[in-house]
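Beneath this line is the structure, given in structure tokens, with notes to follow.
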Ligand SMILES: Nc1nc2c(c(=O)[nH]1)N[C@H]1C(S)=C(S)[C@@H](COP(=O)(O)OP(=O)(O)OC[C@H]3O[C@@H](n4cnc5c(=O)[nH]c(N)nc54)[C@H](O)[C@@H]3O)O[C@H]1N2
Ligand SMILES: Nc1nc2c(c(=O)[nH]1)N[C@H]1C(S)=C(S)[C@@H](COP(=O)(O)OP(=O)(O)OC[C@H]3O[C@@H](n4cnc5c(=O)[nH]c(N)nc54)[C@H](O)[C@@H]3O)O[C@H]1N2
Ligand SMILES: [Mo]
């Protein structure tokens, strides 16, 4: 985006025609984003509450930082490192994500750090790691211009990745086909050549069924399988359990449609799959990702232009966070705490004693709040995320925050559901008010240049983290003068095992435009759209047993990608007499998550004005409800009261509600 600054304020935002992700196109949320920066409601100063009975009072930020450090230090000294936890976000800059992870794992000495990616992309991340050897889509957005077929499953791209969807539609004009798999007839489904309105939670059966048919149709690439994969032996027998008739029964789809989808995949020269929350937010989300990878590996449609399993990342820098290891098992440069060599590498980089980084993954987003309730975790620092509104089973989150001794929130806005529970509130600057790098789904690094001063006493997230860390006594590791210095440290996290390589990138060169990693030193190319090419540049060159140099090098022990037979499982919770309906939740085109930004913009509120729950006419009739009636929906855990929208978009037995509206907007709206 290009920010037009007048009198120290962002007056207007426009698209950057030279940016390889959007070529200047912006969605209404992007176009209106300048208004959010200056709109009242920002957290412009720090707040502190001396004790739980007292109220949150404004204090100078230096006081709040000192108090945060003092209280964290006291809990650390009294109860040990695992009494402290960090819950962070894919919307922070790379530098802030890296720094908070360094503080937790390297200096506090706990792996109790996790992020909202746990609710989002972690299934894709672990799926990739298992199937391909490392996290991240192997391809690039450029593939959209070359694909002959798009297989979009559990993703409402039209509303949630609208600019990328335009790219897809552009390609569709040249006769590329679109298959959409979704239980809800979304705006994306409306554009599909083949819409598979699947029963929720049954995608594994479909994915296995498609591979069954590809084998039967002779549409698999045996040469690719032999050269670049392992584990195929187990697949043919496993796939026998998924004949189309049986898959039709499980998924509720017609046998003809399943056969047509398999035929199109088989015939496509190049094909891409795109998936998001519909597959990831599942008790078998990792398996869904494996099953998608199986299809690409079997057809050889991977690591070449126009093809590949492309999980679409949700938040602007969730990919960066994954790469710098901000989940409870991660370490910078696609490393993991479970691996001794990885730990030693990072310990050396951070200048901490060998053995400082713990080998077991810490508490994750869900267990963290349980451990607050049980008293194991006594302090939590929440940055750039709103867990009371967005972590499943909110009563559990609230109980955890109430039980903890110290809750610190660091947000850019004052009114959030989570801030209510904070003992300390730290004011973070927004993306236009601080410099930092963000990495998108296709490994593209964009420098967000500071355009304006942050309001009041708010400051860059990385600065607040560094100041707290220094005050806690860790100044040896946190005395940075600028985000540039942090980025320069991140560049040292090159991982020749996976090809993660930012050595050739810096804030200075990113000022000229984005770069897509792998960026080896002295790189002259801005774009590196394919991963795992065995060039030996960013990833150690692999030789085959006969001394040859294979074209591809998947970062597994053998250099080959892996097939995993993943049987179709039922969802963990199924409808019963007491709870007969399935509630599906998701997003609307013109709101962003908990609406701290978009909910303040009139133009967006006009486009996506209010919460609702969609119900199929048959269910509405049986329940005796009509349009706009307020209904109470109840799950095994909680309740909400929402106006009914009767629609054929949803299947009988299924409801859909957007999860944007929360407590700030009224009672009983939280989903
Ligand atoms: N406008 C807007 N855009 C956003 C965001 C936002 O808040 N607002 N958030 C961003 C973020 S962080 C993310 S993660 C992405 C999310 O992007 P999406 O995942 O595209 O967004 P959702 O609305 O959650 O859509 C999930 C889709 O999965 C479908 N689904 C539900 N259950 C199943 C199932 O069992 N099988 C299949 N096949 N489909 C199923 C739902 O009906 C829905 O269409 O969006 C990003 N973009
Ligand atoms: N029911 C249901 N729940 C879901 C989902 C769903 O589909 N259905 N989706 C899940 C997914 S995929 C995701 S990603 C999560 C998202 O969940 P959250 O991360 O909790 O949602 P946001 O509203 O984006 O919260 C970001 C917070 O950070 C603040 N913020 C924004 N920018 C900055 C900044 O630069 N610095 C600081 N310090 N603060 C900032 C915002 O004001 C806001 O309070 O929700 C998850 N929860
Ligand atoms: Mo997300």
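Points worth noting:
- Each helix, a run of at least 4 DSSP H residues, gives -39500 (n - 2.57); summed and divided by the residues of the chain, these come to -8500 deg cm²/dmol at 222 nm.
- Relative contact order (%) - the range 514-671, alpha-carbon pairs under 8 angstrom, separation at least six: 19
- Counted over the range 632-671 with a bin width of 5 Å, the fraction of Cα pairs per bin, in whole percents, is 6, 21, 29, 24, 15, 5, 0.
- Spread over its residues, the convex hull of the C-alpha atoms of the range 42-141 is 163 Å³ per residue.
- One Cα centroid belongs to the range 3-53, the other to the range 438-510; the line between them spans 20 Å.
- Length gained on full extension, residue 549 to residue 249: 103.4 nm, using 0.36 nm per residue less the C-alpha separation.
- Given in Å, the Rg to one decimal and the Dmax to the nearest whole number for the Cα atoms of the range 21-61 are 17.6, 52.
- Relative contact order (%) - the chain, alpha-carbon pairs under 8 angstrom, separation at least six: 18
- The range 283-414: projected area of the alpha-carbon convex hull, averaged over directions, in nm²: 11.4
- Debye intensity ratio I(q)/I(0), log10, the range 84-139, q values 0.12, 0.20, 0.22 Å⁻¹ (C-alpha model): -0.34, -0.83, -0.93
- Once both labels are positioned 7 Å from their Cα atoms along Cα-to-Cβ, the gap between residue 14 and residue 578 label points is 6.0 nm.
- Geometric descriptor of the chain, per residue, is 153 Å³ (volume of the convex hull of the Cα atoms).
- Spin-label model distance (nm) - residue 5 vs residue 370, 7 Å beyond Cα toward Cβ: 4.8
- Contact order, relative form, for the range 499-551: 31 percent (alpha carbon pairs under 8 Å, 6 or more residues apart, mean separation divided by residue count).
Values quoted throughout were computed directly from the atomic coordinates according to the rules given, and no laboratory measurement underlies them. The structure displayed is predicted, hence computed values, not measured ones. Cβ atoms come from the backbone with ideal geometry, glycine included; neighbour counts cover every protein chain shown.
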